[in-house]
Amino acid sequence: MMTAETARKIDAIRRERGNDLAILAHHYQTDDVVAHADILGDSLELSRKIAALSAKDIVFCGVYFMAETAAMLAAPGQRIHIPAPDAACVMSEMAPAALVEAVLTRLRQAGRDVLPLTYVNSSAAVKAVVGACGGAVCTSANAPKMLKWAMDQGRGVLFLPDKMLGQNTCNTLGVAASARHILDVRSGGARLDLDAARQAEVLFWPGQCVIHARFKAADIAALRAENPDVRVVIHPECSPATVAAADAAGSTSFIIKYVAEAPAGADIVIGTEINLVNRLAKQYQGQKTIRPLALSACSNMAKGTEANLLATLQNLDAAEPVRVDEAVRAPAALAVTRMLEASA
Ligand code: 13P
Ligand code: SF4
């Protein structure tokens, strides 16, 4: 089917459904999907918007954990749909809930009752484990605020699943390297170094984003050798060495703001998912030079297409919406609500 025809059909359904339908999209979605979004945002902005939406049907264009978070925050009677239910975040899958629970239990038995703080890029089941332990969720936009909140509880913190965001956030807050420890969670937690875990103030789950791991400090050094005036802005899922070599690091919304505020004529290199970089390059064509640090695409984000957005809209009334089991939803929503309150 031609894109123009798909777009026309989507427009017709949106007109017909009016305020009963809201389409949300993450910044990493492709332009043809983003063109249909009522709300475009980073993970934090999108989570915050859910509670205020009155639409009966909310279509979430992004990866599964985002739609699942929306389903946790939706009002009774609201239905959340995702055009690509198989769009998993690879990083979130690095922390299976049963393993997180086993590791927390083993730490507790060893006298280390840490407060878990999970990046929003995690399953509802992990958020439920975290919520039940008194912990909270964070996003890349509020990680420093939330890590400080967690450290202030005085129990020590387990940051999961992204060891890169965790370490970058510790650098922002000035947490000493000697107060940090990356857990070895292999063999169901049997390989944990319990002495190191007892001594460290912040423990990290050993997960990371393979897309952001591709951005290297050496590539930034090479760019600077070519043009000392180049500005490099990256996402904090990149390694601490890459963040140290960049001019700035922040969430997808932070990156958009950084580009908007750069002076005309600026040469800006961006280290994040390619759809966002390409969109900014088009938007500022002729005013600022926007280039990717590397061609890094999230194949799961790419599963959300204009064609499956249309298919979702055509099937809204018959489709099974995203559901989170009530036993999981209540403690998981508590962890998200703690974030929304602490980072308001
Ligand atoms: P943001 O919260 O910055 O939008 O990032 C989400 C994400 O998945 C980055 O890889
Ligand atoms: Fe997950 Fe990385 Fe894709 Fe973001 S870019 S959704 S962290 S796999």
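The values are calculated or read from the model by the stated rules, or taken from the named source; none is laboratory data. Everything numeric here is computed off the predicted structure, so don't read it as measured data. Counting neighbours? That spans all protein chains shown, and the Cβs are built from the backbone with ideal geometry, glycine included. Just the protein is used for accessible areas: all its heavy atoms, side chains included, with ligands, DNA and RNA removed. Shrake-Rupley method; radii C 1.70, N 1.55, O 1.52, S 1.80 Å.
Annotation for the range 212-234: at least one member residue is on the phi < 0 side of the Ramachandran plot, in contact (Cβ under 8 Å) with a residue 60 or more places away in the chain, within 16 Å of ligand 1 (Cβ to nearest atom) and assigned to a helix (DSSP H, G or I). Filter the range 67-85 for residues that are under 27 Å from Pro206 (Cα atoms) and away from ligand 1 (no atom under 15 Å from the Cβ); which is least open to solvent (accessible area, probe 1.4 Å)? The qualifying residue least open to solvent (accessible area, probe 1.4 Å) is Met72.
For the criterion of being closer than 30 Å to Gln109 by Cβ, surrounded by fewer than 20 Cβ atoms within 10 Å (Cβ to Cβ) and either over 16 Å from the mean Cα position of the chain (by Cα) or at pLDDT 95 or above (or both), Asp193 passes. Within the range 134-150, being more than 20 Å from Leu46 (Cα to Cα), surrounded by fewer than 21 Cβ atoms within 10 Å (Cβ to Cβ) and touching a helix residue (DSSP H, G or I) at 6+ places or on another chain (Cβ under 8 Å) holds for Lys148, Trp149. Scanning for something farther than 19 Å from Thr252 by Cα and either open to solvent by 20 Å² or more (accessible area, probe 1.4 Å) or of a type in the set (Phe, Trp, Tyr) (or both), does the range 45-52 turn up at least one residue? Yes, there is a match, as at least one residue in the range 45-52 is farther than 19 Å from Thr252 by Cα and either open to solvent by 20 Å² or more (accessible area, probe 1.4 Å) or of a type in the set (Phe, Trp, Tyr) (or both). All of (1) touching a Lys or Arg at 6+ places or on another chain (Cβ under 8 Å); (2) surrounded by fewer than 17 Cβ atoms within 10 Å (Cβ to Cβ); (3) free of Cβ contacts under 8 Å to residues at least 40 places away in the same chain hold for Pro206 with one exception: (3).
One line per residue, one yes/no per condition, for (1) at pLDDT below 95; (2) more than 25 Å from Ser123 (Cα to Cα):
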{"position": "Val259", "(1), (2)": "no, yes"}
{"position": "Ile268", "(1), (2)": "no, yes"}
{"position": "Lys282", "(1), (2)": "no, yes"}
{"position": "Gln285", "(1), (2)": "no, yes"}
{"position": "Pro292", "(1), (2)": "no, yes"}
{"position": "Leu295", "(1), (2)": "yes, yes"}
{"position": "Thr305", "(1), (2)": "no, no"}
{"position": "Leu316", "(1), (2)": "no, no"}
{"position": "Glu320", "(1), (2)": "yes, no"}
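Entry remark, the range 86-97: residues being surrounded by fewer than 24 Cβ atoms within 10 Å (Cβ to Cβ), out of contact with any helix residue (DSSP H, G or I) (no Cβ under 8 Å at 6 or more places or on another chain) and hydrophobic (A, V, I, L, M, F, W, C) number 2 in total. Being part of a loop (DSSP other than H, G, I, E, B) and either crowded, with 23+ Cβ neighbours inside 10 Å or among the hydrophobic types (A, V, I, L, M, F, W, C) (or both) is a description that applies to Ala37. Look at (1) more than 16 Å from ligand 1 (Cβ to nearest atom); (2) within 22 Å of Glu237 (Cβ to Cβ) and you find that Tyr119 fails only one, number (1). For the range 241-257, the tally of residues that are farther than 17 Å from Ala294 by Cβ, away from ligand 2 (no atom under 16 Å from the Cβ) and either basic (Lys, Arg) or crowded, with 19+ Cβ neighbours inside 10 Å (or both) stands at 1. Can you name every residue in the range 1-32 that is crowded, with 21+ Cβ neighbours inside 10 Å and closer than 25 Å to Pro236 by Cβ? Of everything in the range 1-32, those that are crowded, with 21+ Cβ neighbours inside 10 Å and closer than 25 Å to Pro236 by Cβ turn out to be Leu24, Ala25, His26, His27, Tyr28, Gln29. Each residue in the range 291-310 was checked for being away from ligand 2 (no atom under 16 Å from the Cβ) and open to solvent by less than 20 Å² (accessible area, probe 1.4 Å), and 3 pass. A residue that is within 13 Å of ligand 1 (Cβ to nearest atom) and closer than 30 Å to Gly135 by Cα cannot be found anywhere in the range 51-59.
All conditions in (1) touching a Cys at 6+ places or on another chain (Cβ under 6 Å); (2) open to solvent by 30 Å² or more (accessible area, probe 1.4 Å) hold for Ala318, with the sole exception of (1). The residue that is surrounded by the fewest Cβ atoms within 10 Å (Cβ to Cβ), counting only those in the range 104-128 that are in contact with a strand residue (DSSP E or B) (Cβ under 7 Å, 6 or more places away or on another chain) and in a helix (DSSP H, G or I), is Leu104. The condition of being crowded, with 21+ Cβ neighbours inside 10 Å, under 19 Å from the mean Cα position of the chain (by Cα) and of a type in the set (A, V, I, L, M) holds for Val277.
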